[in-house]
1. Quick one: would you say residue 139 is in contact with a strand residue (DSSP E or B) (Cβ under 9 Å, 6 or more places away or on another chain) and either under 30 Å from residue 341 (Cα atoms) or assigned by TED's automatic domain parsing to the domain that holds residue 339 (or both)?
2. Tell me, which residue of region 146-171 that is at negative phi and assigned to a loop (DSSP other than H, G, I, E, B) is modelled with the lowest pLDDT?
3. Any chance region 320-335 includes a residue that's closer than 22 Å to residue 86 by Cβ, in the same structural domain as residue 249 (by TED's automatic domain parsing) and surrounded by fewer than 21 Cβ atoms within 10 Å (Cβ to Cβ)?
4. I need a count of the residues in region 201-239 that are loosely packed, with under 13 Cβ neighbours inside 10 Å and under 16 Å from residue 165 (Cβ atoms).
5. Right, residue 102: within 30 Å of residue 341 (Cβ to Cβ), assigned by TED's automatic domain parsing to the domain that holds residue 361 and not in a strand (DSSP E or B) or not?
6. Does region 105-131 hold any residues that are at pLDDT 80 or above, under 39 Å from the mean Cα position of the chain (by Cα) and in a helix (DSSP H, G or I), and which are they?
7. Quick check on my filter: what residues within region 150-168 are under 17 Å from residue 118 (Cβ atoms) and touching a strand residue (DSSP E or B) at 6+ places or on another chain (Cβ under 8 Å)?
8. In contact (Cβ under 8 Å) with a residue 24 or more places away in the chain, surrounded by fewer than 16 Cβ atoms within 10 Å (Cβ to Cβ) and not in a loop (DSSP other than H, G, I, E, B): which single residue out of 275, 282, 293, 248 fits that description?
């Protein structure tokens, strides 16, 4: 938040003051300054031609863009969430080397152990039969009683045959928790941590996204003075986010990005990397939407023609949005050179999201949808109710 506020302060106060002080000298070293001045009034010819082509056949262009985004988002339907472990580090580090030796050379590496704590007034009385029940749970290879605390608590170690990030491990944790026990049961260990974290994200994420969508819809509604455009913006943002996250699943979870090098394919997508990418990409999506909608709204208020406003708005903001997206993509894609998987996923994810949103979503899908909606983009029920009263007064 502090960085955002400082950036806004510099952009609104410091930068204009510097431009006033510099005057024409601000472009003294720009070899394209003359060309830019001749094109400033009309905007980008490329984006103007693109917008005209899209708005001429909005259903075809919008349908193809939406289909492509849905295809990119499709892999996200089989996402498997995991947590950061030693495999996110470069394979040459001592931690990663030691952990890999533990996995390959020992039958029960620490990451496959579950710690089961049984508490109760007479928790140790039935610990023997409880141990036998746990030993019969599928994928359990061994169970031993690690210790007891008089009659009040017992600690058991459960070794499993499956990795902690697998679906079988989640089923194992559930089965251990549901097994009849002589007291209250708490289960810990890597598999339990992964299972609980994934469940918490799955339960909370939809509500968080819903609250964010509602807040952003209200803000966009106040900004654009319309109802339909903010709702459209949220639907488009979901498609953009889905495409970005689907690409991450293909590249990192499924391992198709292994030619990039520098990471170990674990068959999961790190939860924290996914959440960071989701938040940053959503912020960029709304940011670009504000730029575009604000300009289109100005053109519409000036001329009143929906298609002309869309074409002019795209022409005058297309270069700005693509330049900003390329700048974001270059700066974050540099993080893709990291050998720490978390940083690599975040950098490539934000780069992909910025480029997809600025080029495909804002350049094709948004103008196509707005052209198809026509004047309905600017429907405002409050203005519709007040207009007859104003006419009667006149």
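1. Numbers: in contact with a strand residue (DSSP E or B) (Cβ under 9 Å, 6 or more places away or on another chain): yes; either under 30 Å from residue 341 (Cα atoms) or assigned by TED's automatic domain parsing to the domain that holds residue 339 (or both): yes.
Judged against the criteria, residue 139 is a match.
2. 151
3. Let us first name the residues in region 320-335 that are closer than 22 Å to residue 86 by Cβ, namely 335.
If we keep only those that are in the same structural domain as residue 249 (by TED's automatic domain parsing) too, we end up with 335.
Subsequent filtering for residues that are surrounded by fewer than 21 Cβ atoms within 10 Å (Cβ to Cβ) retains 335.
Yes: one or more hits.
4. 1
5. Values: within 30 Å of residue 341 (Cβ to Cβ): yes; assigned by TED's automatic domain parsing to the domain that holds residue 361: no; not in a strand (DSSP E or B): yes.
Here the answer is no, as residue 102 does not meet what is asked.
6. Within region 105-131, 110, 111, 112 qualify.
7. Residues of region 150-168 that are under 17 Å from residue 118 (Cβ atoms), as a first pass: 150-158.
Answer for region 150-168, where residues must be under 17 Å from residue 118 (Cβ atoms) and touching a strand residue (DSSP E or B) at 6+ places or on another chain (Cβ under 8 Å): 152, 153, 154, 155, 156, 157, 158.
8. Details: 282 fails: surrounded by fewer than 16 Cβ atoms within 10 Å (Cβ to Cβ); 293 fails: surrounded by fewer than 16 Cβ atoms within 10 Å (Cβ to Cβ); 248 fails: surrounded by fewer than 16 Cβ atoms within 10 Å (Cβ to Cβ).
Of 275, 282, 293, 248, the one residue that is in contact (Cβ under 8 Å) with a residue 24 or more places away in the chain, surrounded by fewer than 16 Cβ atoms within 10 Å (Cβ to Cβ) and not in a loop (DSSP other than H, G, I, E, B) is 275.
The values are calculated or read from the model by the stated rules, or taken from the named source; none is laboratory data. Values in this document were obtained by computation on a predicted structure and should not be read as measured data. Cβ sites come from the backbone with ideal geometry, for glycine too, and all protein chains shown count toward neighbours.
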